[in-house]
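A.B. asks: One structure is given below, represented as C-alpha cells, and several questions about it will come after.
The values are calculated or read from the model by the stated rules, or taken from the named source; none is laboratory data. This structure is a prediction, so every number in the text was calculated from the model and none was measured. Heads up, the Cβs are rebuilt from the backbone with ideal geometry, glycines too, and the neighbour counts pull from every protein chain shown.
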C-alpha cells in the first residue's frame, strides 16, 4: 500500500467509523434507557411481554457501553496503543465477556417473548391459570444466569494481541476447543432460537388468521378488537426479531470465515470488515429496537409522551423553586440588616 493510501486509511476510515459507532451507541443507550423508564413509570406497560422487552433493553444498554471499551482496546480509534497493559487486558476480557453475555440475553429474551405470545394467543385459558409473575421472574433471571456461565471462557482466554500495526482482543486457546465453543454457541444461541422463533410465530400468525368460533362470533366486537391488538403486537415483535438477526448474522459469518478462511482478511489493511461486522452491525441491533417500539407501538409512544411531559413539568418546577429562592434571599438579608 502506498503512502497516500495509508494516509487515507489512517485518518478517513477510522474517523468515519468512530462517528457512525458513536451515533449508533448513543442512540442505543438513550433509546433503551427511555424504554426502561417508560416501562417503570407506566403501570399499563407492565405486561409479561414487556418485562422481557425491558430485559432485552437492559442487555442492549450493557452492549452499547462495553462496545466502546472493546473498540478502544482494539485500537480502532487509532493505530497507537491508547491503553497499556495490564489495563488493556482487563478491558479486553470485560468487553468481550459483557458483549457476549448481552447478545445471549437478547436472544433468550426474544425466545421468551415469542413463547409468551404463543401461550397467550394459542392457549389463553391455560395462560390465565399460571402464576405468570413467578414464572416470569424465574425465566428473566435464567436469561442472565445461562450466558454468564456459558461465556466464562472469554474471561479466562481473552488476550490482547498485536499483529503488525494493529491491536486485537481475541480468544487464545486450543484450536479444537475454540472450534467446539464457537460451534456450540452458534447452534444453541443462533440456529436453535431462529428455528424456534420461526415455528412459534408461524403458529401465532395461523392462530390469528383462523376463523372465530361460534362463541367468539357472539362476542364479535370484543373479539375483533383483541384480535387486532394481537396482530399489531405480533407485527412489532416480528420486526424486532428480524432486525436482531439481520444485524447479528454478519458477525456470525465474519467469525466463521475468520476461522476457516483467514486469508480473506489479509488485505483488509483498513480493518473495514472488522469495523462493519464486529462493531457497526451488532451496535445497530441495539439501537433499532427502541425505534421500532416508539414508532409502531401506541402504548409506548403515549407512555414516552407522558414521561417527557413529566420531566418538563419537573424541570419547570425546579427552575421556579430556584428562582424564588434567589428572590427571597436578598429580602431576608435586608430584613436581617434592618433588625440589627
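A.B. asks: Contact list please: Cβ distance under 6 Å, first residue in the range 266-285 and surrounded by 15 or more Cβ atoms within 10 Å (Cβ to Cβ), second residue at pLDDT below 80 and in a loop (DSSP other than H, G, I, E, B), pairs at least six apart or on different chains.
C.D. replies: Going by the 6 Å Cβ cut-off, the qualifying pairs are 269/1.
A.B. asks: State whether the residues of the range 318-338 include one that is part of a helix (DSSP H, G or I), at pLDDT 85 or above and surrounded by fewer than 18 Cβ atoms within 10 Å (Cβ to Cβ).
C.D. replies: Of the residues in the range 318-338, the ones part of a helix (DSSP H, G or I) are 318-338.
Imposing the further condition that a residue be at pLDDT 85 or above reduces the set to none.
Looking for residues that are part of a helix (DSSP H, G or I), at pLDDT 85 or above and surrounded by fewer than 18 Cβ atoms within 10 Å (Cβ to Cβ), one finds none in the range 318-338, hence no.
A.B. asks: Considering only the range 97-107, I want to know if a residue exists there that is under 25 Å from residue 134 (Cα atoms), buried (at least 20 other Cβ atoms within 10 Å of the Cβ) and either out of contact with any helix residue (DSSP H, G or I) (no Cβ under 6 Å at 6 or more places or on another chain) or at pLDDT below 90 (or both). Don't jump to the end; show me each part of the working.
C.D. replies: If we filter the range 97-107 for residues that are under 25 Å from residue 134 (Cα atoms), which is where we start, we get 101-107.
Narrowing the set further to residues that are buried (at least 20 other Cβ atoms within 10 Å of the Cβ) leaves 101-107.
From what's left, either out of contact with any helix residue (DSSP H, G or I) (no Cβ under 6 Å at 6 or more places or on another chain) or at pLDDT below 90 (or both): 103.
Looking for residues that are under 25 Å from residue 134 (Cα atoms), buried (at least 20 other Cβ atoms within 10 Å of the Cβ) and either out of contact with any helix residue (DSSP H, G or I) (no Cβ under 6 Å at 6 or more places or on another chain) or at pLDDT below 90 (or both), one finds at least one in the range 97-107, hence yes.
A.B. asks: Of the residues 227, 203, only one is assigned by TED's automatic domain parsing to the domain that holds residue 278 and modelled with pLDDT under 85; which?
C.D. replies: On the way: 203 fails: modelled with pLDDT under 85.
Among 227, 203, only 227 is assigned by TED's automatic domain parsing to the domain that holds residue 278 and modelled with pLDDT under 85.
A.B. asks: Another question about this same structure. Does residue 55 count as in contact with a helix residue (DSSP H, G or I) (Cβ under 9 Å, 6 or more places away or on another chain) and at pLDDT 90 or above? Spell out how you get there, then give the answer.
C.D. replies: Details: in contact with a helix residue (DSSP H, G or I) (Cβ under 9 Å, 6 or more places away or on another chain): yes; at pLDDT 90 or above: yes.
In short, yes.
Residue-by-condition table, conditions (1) at pLDDT below 75; (2) surrounded by fewer than 11 Cβ atoms within 10 Å (Cβ to Cβ); (3) more than 24 Å from residue 95 (Cβ to Cβ); (4) assigned by TED's automatic domain parsing to the domain that holds residue 259:
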site: 164; (1), (2), (3), (4): yes, yes, no, yes
site: 182; (1), (2), (3), (4): no, no, no, yes
site: 218; (1), (2), (3), (4): yes, yes, yes, yes
site: 222; (1), (2), (3), (4): yes, yes, yes, yes
